[in-house]
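Structure incoming, see below.
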Amino acid sequence: MFSKQKIARNLFRKYQIKREQEAQITERELKEINRLYVKALIISGAIGVFFVVLFYLPIYQFPSFFNENFLHIQFWGLDFKLLWIRELDNILLTYLELYVLSILSIYVIQHLAMVLDFPEMQSKHYHLHSENIEKLSLEVRQKKEAELGLDPFQGLSRIQLALYLIISRFKAMLSNMLVKFLLQRFASRYVLKAVIDLAGAPIYAFWNAYATAKLFQKAKYYIFSIELTDLLAEQLHNDQRTNREIGPEIQHLLVSVVSLKRDYSEINHYFSSKLLESLGVSMDKNEFKSLDITALEKNANGKTVRWLCLLLATGIILDGNVSRRERRHLREMTRNMKLKDNALTDIEAFLKAYRSGQGVNYLHKKGWIA
């Protein structure tokens, strides 16, 4: 197999010459990335169906070859047979499918970066962004927030964390097993005998498309988040008075964001490190306390509170999603606030604008930044 990392870097260099210097997201670019998104979902779903069919059709065509060659195994009082040719074929095709899907992901993410002219050549974080785009396309997870002292899973017990990870990893397998069980239980075994295994093909197609969609959205919002993060960090750096007042609360704000998101993210790492850099502060790794907006409102001026609301809302929407748990937490946080015109109470409109690539324009329109 060809090196996936080498493919990613070759594509990055190929698309680099096509990037424009203008980083602002245009209507034409938004339409182009929507077309790329739909194309990626269709192809990834088709790959899932193709490999399921590729596995089962030879079994139906040559049943004796696949079902009569087995190993008789006795282990700890258990007696079973292993259809070794069939299982070997399954393993090889699964590996090949995952490889093909990974190549698709590399192409799609690198193409997305090219369409959005990302990263900017003149950016001082050019190498960081190009590295993160490469890691996103290769589906390499990072835990850089830990270097800052931020832990998304702080407060979860080991059992809660294990259950959270298990559920997220086995959704596709469990859903496929459920469909097959329902068909076997409530439909005629004889009529569906020849197609019962193929009945799972749409499930694999769905989860392939779902995984591609998640990766695409993650990369897209990483790119969207840079423009918004850089703007807010620059504004804070230039406003020294607000800078001094927000500095002592920034750690509590960042803790609130990661606690709500419950995941490591390139997006949040850049957001956190950029804010810490612009404010000239560092994290106290022994303190893990969330932001208390209501208490701050009693002691801080309105501009500082509005800025903290804006930064917290931004940190929450940067991944393009606000969950029900996050919305419930925000309602509780803002229930007794006197300052009504702020980004937390207006987070739905802020999120909608951000998803369409208009987050910066929305902030200017609302007058929350200069």
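The values are calculated or read from the model by the stated rules, or taken from the named source; none is laboratory data. Given the structure is predicted, the values throughout are model-derived calculations rather than measurements. So basically every Cβ, Gly included, is an ideal-geometry build from the backbone, and we count neighbours across all protein chains shown.
Of the residues in the stretch 95-118, how many are closer than 21 Å to Tyr204 by Cβ and either touching a residue at least 12 places away in the same chain (Cβ under 8 Å) or within 20 Å of the chain's Cα centre (by Cα) (or both)?
Initial filter on the stretch 95-118 (closer than 21 Å to Tyr204 by Cβ): 95-108.
Narrowing the set further to residues that are either touching a residue at least 12 places away in the same chain (Cβ under 8 Å) or within 20 Å of the chain's Cα centre (by Cα) (or both) leaves 96-108.
The number of residues fulfilling the criteria is 13.
Within the stretch 319-327, is there a residue that is of a type in the set (A, V, I, L, M, F, W, C) and under 21 Å from the mean Cα position of the chain (by Cα)?
Filtering the stretch 319-327 down to residues of a type in the set (A, V, I, L, M, F, W, C) leaves 322.
Now narrow it down to the ones that are under 21 Å from the mean Cα position of the chain (by Cα): 322.
Checking the stretch 319-327: at least one residue is of a type in the set (A, V, I, L, M, F, W, C) and under 21 Å from the mean Cα position of the chain (by Cα).
Per-residue answers, yes or no, for (1) closer than 21 Å to Leu138 by Cβ; (2) modelled with pLDDT of 85 or more; (3) hydrophobic (A, V, I, L, M, F, W, C):
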| residue | (1), (2), (3) |
| --- | --- |
| Ile17 | no, no, yes |
| Gln21 | no, no, no |
| Leu30 | no, yes, yes |
| Lys39 | yes, yes, no |
| Ala46 | no, yes, yes |
| Ser64 | no, no, no |
| Leu82 | no, no, yes |
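Give the residue that is farthest from Glu227 (Cα to Cα), with candidates limited to residues of the stretch 341-370 that are among the charged types (D, E, K, R) and not in a helix (DSSP H, G or I).
Selected residue: Asp341.
Go over the candidates Glu139, Glu120 one by one and state the one that is on the phi > 0 side of the Ramachandran plot and surrounded by 15 or more Cβ atoms within 10 Å (Cβ to Cβ). Write out each step before concluding.
Working: Glu120 fails: on the phi > 0 side of the Ramachandran plot.
Of the residues listed, the single one that is on the phi > 0 side of the Ramachandran plot and surrounded by 15 or more Cβ atoms within 10 Å (Cβ to Cβ) is Glu139.
Keeping to the stretch 228-239, report how many residues are of a type outside the set (D, E, K, R) and without any contact (Cβ under 8 Å) to a residue 40 or more places away in the chain. Walk me through it before giving the result.
First, the residues of the stretch 228-239 that are of a type outside the set (D, E, K, R): 228-229, 231-233, 235-238.
Now narrow it down to the ones that are without any contact (Cβ under 8 Å) to a residue 40 or more places away in the chain: 238.
Result for the stretch 228-239: 1.
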